[in-house]
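Engineer: Structure incoming, see below.
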Amino acid sequence: MNFPYHSSFKRIITCMLVLALATISCTWSLIDLNISSGQATEIPNQKPVSGPTATPVALAEINFSVSILHPLESGQTLAIGILDEVTGLGLNPTLYAMNVVDANHFSIKLPLPMNAVIKYRYYRQGSIPAIEDTSFGQQVRYRIYDVTGSGSVDDQIATWSDKNFSGAIGKIDGVVTDGVTAQPVPNILITAGGVSTLSDSFGQFILEGLPVGTHLLTAYAMDGTYSTFQQGASVSAGLVTTAVIKLTPAPTVQVSFVVSLPKETSPDASVRLAGNLLQLGNSFSDLSGGISTIATRMPILTPIGDGRLGVSLRLPVGADIEYKYTLGDGFWNAEHGSDYSFLIRRLIVPTNDLTVQDTVATWQSGKDSAPISFNVNVPGNTPAGETIFIQFNPYGWTEPLPMWPKGNNQWSYKLYGPLNVLGSFQYRYCRNGQCGSADDAQTAGSAVNGRPVSTSLVEENIQESVNAWQWWPESEPSTLTATSVVVRPAAFWAGLELSPNFSPSWQAFMPGTMQNAKGLNANFVVLTPTWTASMASPLIFGPQPGSDSLWSDSLQTAQIGRAQNLNIAIYAIPHLLPSTADFWLKAPRSPQWWNAWFERYRAFAVYHADLAAQSGSQALILGGDSVLPSLPGGKLIDGSSSNPPADAEARWRKIMVEVHQHFSGLVLWAHPYNGNPISPAPPFMDQFYGFYLLWSAPLSVNSDATVETMTNTAVNLLDQDIAPFLLAAKKGVVIAIDYPSAQGAATGCVPSGGGGCLDWAALSRPYPDIPSVNLDLQGQSDLYQAMLRAINQRDWVGGFISRGFYPPLALMDKSSSTRGKSAADLLWYWFPRMLGSTK
């Protein structure tokens, strides 16, 4: 039995409030959460393809059996949730109560669409609802089942958020290869037992912490370019189960989506196609407010001349496409059915080109609330080419949505739904989708209240203005002092290193980033793709969607840069959680652990060597602070030995041999220098072309030093520390500098407010502002000027790179990014003169 739609949305709001206040896992659904036990008859999220030849969806009966470690308590029930990844994993699951077999076993039969790839997970219902966790206490994002016919699956729930796992575990590893070419296939999503990972460029994967028993192992291409693979895999206590996965590549066909829109559609609106594949806006990560898709990554439909809109895409044959039309994302302003329910369409891509003809019934979610129009005038200093976004907060901030330009600094957005039960909620404006960092000054920050609004039976038309942007004040042009700049050889690097704090929302703004770099007369852009080590023991280290730039994003960014005639370097950075220092302190660093570390770092290094080769990059940079404890003689932050293996040098050399086999360009070693005695060069430095020196050295003992004084200090450091270091290593150097625009940067100590010094990374976006730190834009500019002057007369310096450049937009904030700041004006002056393009 279905609840009325408004009841479901009250459940969403209530549940999100619980999450915000108590961090208790929760769920909701558009069906009765207390549905009676027995065989389900409803088909979750199924709509036949619209058009003149729409046919009923063929179904297959799948039996789901699941075992639980902890018997349910009185009043609790177990449900399976079929997830809606397009609307948002946290927003529209369809839940079915499971039949009790005994205290630890449950089952249910579900009719599911043939050839569909189902994302699902298990829910505990009761006074304290919960979503299943892995054995390591991490919430299960989803399990995957490929419906190829009638079948069954046996699952195990490791634990819940309020329980601890105490059973035996093992793991699955393996290799994914192309079934035609036998070549390894990277970036395949591998899942089993609710644990997931991505394959690396060797095709290798590891799934840790699986309870003993048989699990369904699934390999899924996030862009649909390979057919989905699944088979059972038996896991034994303390042992490794090895799986060999061969995937069938899918040819592509042209699929045209043509849609008729309801009369209510605003003529200003941008209509997008939201879907479950990467190329349809799915981030494969958990974004703000339970949403999974990003509007700016979705295809935009254009008029086809008869009042309808369309878009044509190359899509893989056999791919299961779940999609909907939207004026926002998969949740906000997405289409609804004629009964006002959430709507998900499904298409299994055929073997021939296809035109799909659809009709949007309505954008509204009911008759109880009328649309709300937002019309805003933004400041005249808003940079040209930027997009203004609106962000809504019904239960917590959700993903920002691009507004519709009206010209002359006017932007509009008409919100149709879901509105009918929201009552009062909040909203705010921001630049280029970076809400929390580039906000309307009136509603700035990550934990701020927005502008209030309430729904109504009568359509509302809000007219208002943004008076100022946070971190973007009215400012006068910088005054530059003419300097005689020494022209460098053609191989000199003059450029920018992008911030490694990746967000999937950045990708739409990468063309602007590269244009900005070109406008500064740079010749190099250093990309900073990361892998995340989410656990030290056991070591879980790999690319994590949402946190790390996926292969396709990094490749596209490099191509955008090359199209601007920029040289590209790949600086591969391990992202160690909770911090680099804590990661190494908590790591067991036993012989077995070191074996795992070097094997994963090998995969990391070769993955990025392959990325550099495929993207046509000129250089690959490895090393940095994150890996120092793994070097021969490595130390922890407390000064004690990290106890690296005796053959650490040999292991590093073996890794570098493979790196050079995969990438023939320049390979540099990232070496930190903070003004203290510089660490020795690694003994395998002969494997590198030169140093990429991570310079953050203090240039003053007090905050009011002149540029001349700081220049002299920089000269002394270069001549007395760096030059002998390079001479001993017989290597060249590119100097990459990192100075935040915060008071104290010149002395090397930005006060933390507690008597210590702040880690400068904490000032980077998207981290919240630290009010105790004082903004100092001129101080950053002076530091840059001192370094440029010091390097000017040293012909042995092979490059100058500005680190921490923020890709989405310019901010006059406290971070190390020079974008939009006076330090960038210095780069604009110096770079073309260094490169000889301007005298």
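The values are calculated or read from the model by the stated rules, or taken from the named source; none is laboratory data. The shown structure was predicted, so the numbers you read here are calculated from the model rather than taken from an experiment. Glycine gets a Cβ as well: all are built from the backbone with ideal geometry, and neighbour counts include every protein chain shown. Heads up: the accessible areas ignore ligands, DNA and RNA and are worked out on the full protein's heavy atoms, side chains in. Shrake-Rupley method; radii C 1.70, N 1.55, O 1.52, S 1.80 Å.
Engineer: Do we have residue 600 as more than 30 Å from residue 636 (Cβ to Cβ) and either without any contact (Cβ under 8 Å) to a residue 40 or more places away in the chain or within 24 Å of the chain's Cα centre (by Cα) (or both) here? Walk me through it before giving the result.
Structural biologist: Numbers: more than 30 Å from residue 636 (Cβ to Cβ): no; either without any contact (Cβ under 8 Å) to a residue 40 or more places away in the chain or within 24 Å of the chain's Cα centre (by Cα) (or both): yes.
Judged against the criteria, residue 600 is not a match.
Engineer: Follow-up. Does the range 292-303 hold any residues that are within 16 Å of residue 508 (Cβ to Cβ) and either in contact with a helix residue (DSSP H, G or I) (Cβ under 9 Å, 6 or more places away or on another chain) or touching a residue at least 60 places away in the same chain (Cβ under 8 Å) (or both), and which are they? Working first, answer last.
Structural biologist: From the range 292-303, those within 16 Å of residue 508 (Cβ to Cβ) are 293-300; that's our starting set.
Result: 293, 294, 295, 296, 297, 298, 299.
Engineer: Name the single residue that is nearest to residue 290 (Cα to Cα) among those in the range 401-419 being open to solvent by less than 20 Å² (accessible area, probe 1.4 Å) and part of a loop (DSSP other than H, G, I, E, B).
Structural biologist: Let us first name the residues in the range 401-419 that are open to solvent by less than 20 Å² (accessible area, probe 1.4 Å), namely 401-404, 412-413, 415-419.
Checking which are part of a loop (DSSP other than H, G, I, E, B) leaves us with 403, 416-419.
On the way: 403: 21, 416: 20, 417: 16, 418: 15, 419: 17 Å.
Result: 418.
Engineer: Hey, does the range 356-372 have a residue that's closer than 26 Å to residue 513 by Cα, of a type in the set (Lys, Arg) and either modelled with pLDDT under 95 or not in a loop (DSSP other than H, G, I, E, B) (or both)?
Structural biologist: Just the residues of the range 356-372 that are closer than 26 Å to residue 513 by Cα, to begin with: none.
No, because not a single residue in the range 356-372 is closer than 26 Å to residue 513 by Cα, of a type in the set (Lys, Arg) and either modelled with pLDDT under 95 or not in a loop (DSSP other than H, G, I, E, B) (or both).
Engineer: Which residue out of 825, 813 is among the acidic types (Asp, Glu), open to solvent by less than 40 Å² (accessible area, probe 1.4 Å) and either within 22 Å of residue 743 (Cβ to Cβ) or part of a loop (DSSP other than H, G, I, E, B) (or both)?
Structural biologist: Criteria check complete, one pass: 813.
Engineer: May I ask you to list pairs of residues, at least six apart or on different chains, whose Cβ atoms are under 6 Å apart, with the first in the range 785-811 being within 20 Å of residue 764 (Cβ to Cβ) and the second being open to solvent by 20 Å² or more (accessible area, probe 1.4 Å) and among the basic types (Lys, Arg)?
Structural biologist: Listed pairs, sorted by first residue: 805/819; 806/819; 810/819.
Engineer: Select, from 736, 761, 742, the only residue that is buried (at least 19 other Cβ atoms within 10 Å of the Cβ), of a type in the set (Gly, Ala, Ser), within 34 Å of the chain's Cα centre (by Cα) and within 25 Å of residue 432 (Cα to Cα).
Structural biologist: Working: 736 fails: within 25 Å of residue 432 (Cα to Cα); 761 fails: buried (at least 19 other Cβ atoms within 10 Å of the Cβ).
Step by step, each of 736, 761, 742 is checked, and only 742 is buried (at least 19 other Cβ atoms within 10 Å of the Cβ), of a type in the set (Gly, Ala, Ser), within 34 Å of the chain's Cα centre (by Cα) and within 25 Å of residue 432 (Cα to Cα).
Engineer: Restricting to the range 54-107, give me the number of residues that are farther than 15 Å from residue 118 by Cα and either open to solvent by 40 Å² or more (accessible area, probe 1.4 Å) or free of Cβ contacts under 8 Å to residues at least 24 places away in the same chain (or both). Steps first, answer last, please.
Structural biologist: Taking the range 54-107 as the starting set, the residues that turn out to be farther than 15 Å from residue 118 by Cα are 54-56, 65-79, 90-91, 97-107.
From the residues that got through so far, the ones that are either open to solvent by 40 Å² or more (accessible area, probe 1.4 Å) or free of Cβ contacts under 8 Å to residues at least 24 places away in the same chain (or both) too are 54-56, 69-75, 77, 99-105.
Residues meeting the conditions: 18.
Engineer: Could you tell me which of the residues 306, 286, 223 is at pLDDT 95 or above, open to solvent by 50 Å² or more (accessible area, probe 1.4 Å) and part of a loop (DSSP other than H, G, I, E, B)? Explain how you work it out, then say what you get.
Structural biologist: Numbers: 306 fails: at pLDDT 95 or above; 286 fails: at pLDDT 95 or above.
Of the residues listed, the single one that is at pLDDT 95 or above, open to solvent by 50 Å² or more (accessible area, probe 1.4 Å) and part of a loop (DSSP other than H, G, I, E, B) is 223.
Engineer: Right, here's the next one. For residues in the range 794-810 being among the aliphatic types (A, V, I, L, M) and within 23 Å of residue 435 (Cα to Cα), which is surrounded by the most Cβ atoms within 10 Å (Cβ to Cβ)?
Structural biologist: So the first thing to find is which residues in the range 794-810 are among the aliphatic types (A, V, I, L, M), and the list is 797, 801, 809-810.
This time we only want the ones that are within 23 Å of residue 435 (Cα to Cα), so: 809-810.
On the way: 809: 28, 810: 22.
Top of the filtered list is 809.
Engineer: Could you please let me know if residue 261 is open to solvent by 10 Å² or more (accessible area, probe 1.4 Å), closer than 22 Å to residue 373 by Cβ and aliphatic (A, V, I, L, M)? Walk me through how you get there before you give the answer.
Structural biologist: Details: open to solvent by 10 Å² or more (accessible area, probe 1.4 Å): yes; closer than 22 Å to residue 373 by Cβ: yes; aliphatic (A, V, I, L, M): yes.
It is true that residue 261 is open to solvent by 10 Å² or more (accessible area, probe 1.4 Å), closer than 22 Å to residue 373 by Cβ and aliphatic (A, V, I, L, M).
Engineer: Can you work out which of the residues in the range 771-781 that are of a type outside the set (S, T, N, Q) and touching a Ser or Thr at 6+ places or on another chain (Cβ under 8 Å) is most open to solvent (accessible area, probe 1.4 Å)? Before the answer, list the steps.
Structural biologist: Within the range 771-781, the subset of a type outside the set (S, T, N, Q) is 771, 773, 775-777, 779.
Those still in the list that are touching a Ser or Thr at 6+ places or on another chain (Cβ under 8 Å) too: 775-777, 779.
Working: 775: 78, 776: 43, 777: 42, 779: 18 Å².
Result: 775.
Residue-wise test of (1) touching a residue at least 60 places away in the same chain (Cβ under 8 Å); (2) touching a Phe, Trp or Tyr at 6+ places or on another chain (Cβ under 7 Å).
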site: 395; (1), (2): yes, no
site: 426; (1), (2): no, no
site: 442; (1), (2): no, no
site: 468; (1), (2): yes, no
site: 491; (1), (2): yes, no
site: 495; (1), (2): yes, yes
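Engineer: Would you call residue 437 buried (at least 16 other Cβ atoms within 10 Å of the Cβ), small (Gly, Ala, Ser), assigned to a loop (DSSP other than H, G, I, E, B) and in contact with a Pro (Cβ under 9 Å, 6 or more places away or on another chain)? Don't jump to the end; show me each part of the working.
Structural biologist: Working: buried (at least 16 other Cβ atoms within 10 Å of the Cβ): yes; small (Gly, Ala, Ser): yes; assigned to a loop (DSSP other than H, G, I, E, B): yes; in contact with a Pro (Cβ under 9 Å, 6 or more places away or on another chain): yes.
Yes, satisfied.
Engineer: Which pairs do you get when a residue that is closer than 11 Å to residue 316 by Cβ, found in the range 240-259, comes within reach of a residue that is among the charged types (D, E, K, R) and in a strand (DSSP E or B), reach meaning Cβ atoms under 7 angstrom, with the pair 6+ apart or on two chains?
Structural biologist: If the second residue must be among the charged types (D, E, K, R) and in a strand (DSSP E or B), the pairs left are 249/178; 252/314.
Engineer: Now for a separate question. Applying the selection to the range 458-501, what residues are assigned to a loop (DSSP other than H, G, I, E, B) and either β-branched (Val, Ile, Thr) or open to solvent by less than 30 Å² (accessible area, probe 1.4 Å) (or both)?
Structural biologist: Across the range 458-501, the qualifying residues are 458, 466, 479, 481, 483, 485, 486, 487, 488, 492, 499.
Engineer: Give all pairs with beta carbons closer than 8 Å in which a residue from the range 449-462 that is acidic (Asp, Glu) meets a residue that is outside any loop (DSSP other than H, G, I, E, B); count only pairs at least 6 apart in sequence or on separate chains.
Structural biologist: From residues that are acidic (Asp, Glu), the pairs are 459/372; 459/373; 460/372; 460/373; 460/453.
Engineer: Just checking, which of 170, 238, 209, 203 is modelled with pLDDT under 95, of a type outside the set (A, V, I, L, M) and either more than 30 Å from residue 365 (Cα to Cα) or touching a strand residue (DSSP E or B) at 6+ places or on another chain (Cβ under 8 Å) (or both)?
Structural biologist: Numbers: 170 fails: modelled with pLDDT under 95; 209 fails: modelled with pLDDT under 95; 203 fails: modelled with pLDDT under 95.
Answer to the check: 238.
Engineer: Name the residues in the range 828-838 that are in contact with a helix residue (DSSP H, G or I) (Cβ under 7 Å, 6 or more places away or on another chain) and open to solvent by 10 Å² or more (accessible area, probe 1.4 Å), would you? First the steps, then the outcome.
Structural biologist: Of all residues in the range 828-838, those in contact with a helix residue (DSSP H, G or I) (Cβ under 7 Å, 6 or more places away or on another chain) come to 830, 838.
Within the range 828-838, 838 is the sole residue that qualifies.
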